[in-house]
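Novice: Let me begin by handing over the structure; questions about it come next.
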Amino acid sequence: MNDHHHSSDDRAIRLSILGMRCAGCVESVETALKDVPGVEAVSVNFGDHSALVQGGVDPEVLKTALKEAGYDGAVMEALEDPSAQEEAEEARYRELLKKAAWAGALGLPLMLGAHLDWFPMIGTDAGTTFWTLISMLTLAVLYFSGGHFFRGAIKSFQHRQANMDTLIALGTGAAWFYSTVAIDAVDLLPAQGQHAYFEAAAVILAFINFGSALETRARGKTSSAIRALIGLQPRTARVVRDGQELDVPISEVGLDEVLRVRPGEKIPVDGVLVEGHSTVDESMLTGEPIPVEKGEGDTVATGTLNQSGSFLFRATRIGRDTVLAQIIASVRQAQSTKPEIARLVDKVSAVFVPVVVGIAAFTFLVWWIFGPTPSFGYAFVTAMTVLVIACPCALGLATPISIMVAVGRAAQHGILIRRGEALQSAGRLTAVVLDKTGTITEGRPSVVGIDTAARWSEKRVLGLAASLEAGSEHPLASAVMRAAEAGDVAPAAVGDFAADPGRGVSGTVEGRKLLLGNAVMMEQHGVDLQPFAGPLASCIEEALTPLLLAADGKVIGLLRVADPIKPDAREAVQRLKSLGVRVLMVTGDHEATARAIARSAGIDEIRAQVLPQDKAAVVKELQSRGEVVGMVGDGINDAPALAQADVGFAIGTGTDIAIESGDVVIMAGSPLKVSEAIHLSRLTVQNIKQNLLGAFIYNSLSIPVAAGILYPFAGVLLNPMIAGAAMALSSVTVVTNANRLRWL
């Protein structure tokens, strides 16, 4: 068995984290949280700046640990009001823009003036006064626009770590320090080194803050799927207390309370209808557009939309236990679990920053020892440029941002991805095993045809059969009753009713002695089946169940009963095959029935008469032959096979989702969604690879250029300001590329 199925632990705490600025921060946050006693596992999501902590720990202790590491944390509730988080994100966006604006207001005029020789020379009396003032202003900008980087760098240094803050603080701090020293020690510097780099420090901070602001804005969009889901729950509910109907906040609704829902209103909590009748739009749950009829005893789910009638229902699940809350928790969990590709990036990033600092130091030494005069000036500028351009922001965003967009996109289409890894594995599937009942077929028997003897109408035969079955609990009886209801046929009263288990039922209707059952029952009562030999044979061939109706010792009709295949099953199988996936069907049914169903669904390989507990063995056998296997089942009896598969797809129809057993839950019963999930997985992995490739190429090309590798050949040196702009741009590019997944 694969042991990769995590239960969504009740003790899981979700924290929203402020102050994470790069992939290196992920490492610092994970370390800080893992060091808290009682924490079992931590998973940090750089994409939406949150952490999922498993274990019995006081959230306040976690917040303190984060504070000590230089970050702020707040606990997130399962169905918190999204507007609070949106306001925090919006405030952060505005603050970053303000920081960028202040830094730009100083840096850009300085940059322009330096190019146009507006300012007095460094080393003159006028120059000393002017540049001392600029030094003070730059220090103020470093404090206001860059203070968070310096604080982060100090905190990570205390924890013997280095991250993006370290790079930015070193680069801008060094620029300010060098320039300030140059004002008074101008004689110690060679002619070309007699230059102040205050504008570089300011413009770098302007670019980096502006890049972070754009990234915050884009990240806000990525969690829009969760926001849309949270927004489905109404804020208030109408409860019936002491015969009075009252509007109360959703948080005050208790279990077992009776609530009223009027036409056009959203259903506030999960429950069961106790009075009334309506149609409900459940598309938010299932992705299926056709509204569902609801009557007494039917279940309704939070966030679904009542259309026509008004009804009363009793609350069975509230708060975190509603299906909507579980969906949101699952989407969040999937967005914050890391596929292998992301764990690799985290490891690379943790090593990357110290390596960059090493490269910067080496660059400095090489230029200082071997560079042209003024060697110190060149050494300083190149080292600073390396520090600024090498920031691994884009690397840290590459994976989580794509996963967040994809998981959210899938949820809007009724595909619930519960583990980030499943999103990566689904695209690699080579074989998909489909359970028959409930996956390929509807999962409940229906009357699909009626044969009658001469002078008997289909309606009459159905009416008599329904009269006999009205009192029976058998699944075939419910198929007959549904057919009668659909055909507007009313059952008549029955006398001398008797059930013969495993064979059929008998009774007297309108003075006729009736038998309804299988061939064995008819033969037992000496009824001649010869007139219906043809229809009986065709039933066996098509794997249908024949129900024979006899009146006064003669067969007057045959009802063909089948578990019909889902209307889109054939197309679903075709799509899987077109993706290059091998399709197999497993069932506990007889070989003949299985063959007939497989034929109509377009499936070539079947395994019949397989017990539920042996389905996992079928998956295992395929895996032993090197196949990457997906299992599609209806959750409950297929749990072992779903767990054994590389990716388990649970077909959850409506509310009683076996949300725990699959890696991917298909909310609507449509098997078409399986190929959609595989397709989405392939696109996502492709998107992640594009992001990573872009980020890696960017870093591996830009660092040597920043270090001055082109200078001996082309006289080209990168300016630290251009480096800052390029760094910000690389992050924005990654976020933009990931957001393309929304439109696919």
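Novice: Sorted by mean Cβ packing within 10 Å, highest first, what order do the peptides 428-439, 616-627, 306-317 take? Walk me through the numbers before you get to the answer.
Specialist: Numbers: 428-439: 23.5, 616-627: 15.6, 306-317: 18.1.
Highest-to-lowest ranking by the protection proxy: 428-439, 306-317, 616-627.
Novice: For the stretch 492-577, would you read off the P(r) tail past 23 Å as a percentage of all alpha carbon pairs? Present the calculation step by step, with values, prior to reporting the outcome.
Specialist: On the way: 1281 of 3655 pairs.
Everything past 23 Å amounts to 35 percent.
Novice: Which of Ser446, Val505, Ala492 sits farthest toward the positive end of the charge dipole of the stretch 407-539, with +1 on the Cβ of Lys and Arg and -1 on the Cβ of Asp and Glu?
Specialist: Ser446
Novice: Sorted by mean Cβ packing within 10 Å, highest first, what order do the peptides 598-608, 411-421 take? Before the final figure, lay out the partial values.
Specialist: Details: 598-608: 17.4, 411-421: 23.4.
Top to bottom by mean Cβ count within 10 Å: 411-421, 598-608.
Novice: Related question: Measure off 7 Å from each Cα along the Cα-to-Cβ vector at Ile540 and Leu693, then give the distance between these two points in nanometres to one decimal.
Specialist: If labels sit at Ile540 and Leu693, their model points lie 6.0 nm apart.
Novice: May I ask which of Lys266/Lys673; Lys566/Lys689; Lys294/Lys436; Lys99/Lys155; Lys99/Lys266 have a Cα-Cα span longer than 32 Å here?
Specialist: Values: Lys266/Lys673 26 Å; Lys566/Lys689 37 Å; Lys294/Lys436 27 Å; Lys99/Lys155 21 Å; Lys99/Lys266 43 Å.
Violating the 32 Å Cα-Cα cut-off are Lys566/Lys689; Lys99/Lys266.
Novice: Let me ask something else about it. Can you grab the distance from the C-alpha centre of the stretch 430-472 to the C-alpha centre of the stretch 484-521, Å, no decimals?
Specialist: When both Cα centres are located, 15 Å separates them.
Novice: Over the stretch 363-491, give the accessible area per residue in Å² for a 1.4 Å probe, as an integer. Don't jump to the answer; show the numbers that get you there.
Specialist: Numbers: 4480 Å² over 129 residues.
For the stretch 363-491, the per-residue accessible area is 35 Å².
Novice: Return the Rg/Rh ratio of the stretch 117-175 with Cα-based radii and a Kirkwood Rh. Walk me through the intermediate numbers first.
Specialist: On the way: Rg = 15.1 Å, Rh = 13.0 Å.
Rg/Rh for the stretch 117-175 comes to 1.17.
The values are calculated or read from the model by the stated rules, or taken from the named source; none is laboratory data. Keep in mind the model is a prediction, meaning the values are calculated, not measured. Neighbour counts run over all protein chains shown; Cβ positions are idealised from the backbone, glycine included. Areas reflect the complete protein model, heavy atoms only, side chains present, ligands, DNA and RNA absent. Shrake-Rupley method; radii C 1.70, N 1.55, O 1.52, S 1.80 Å.
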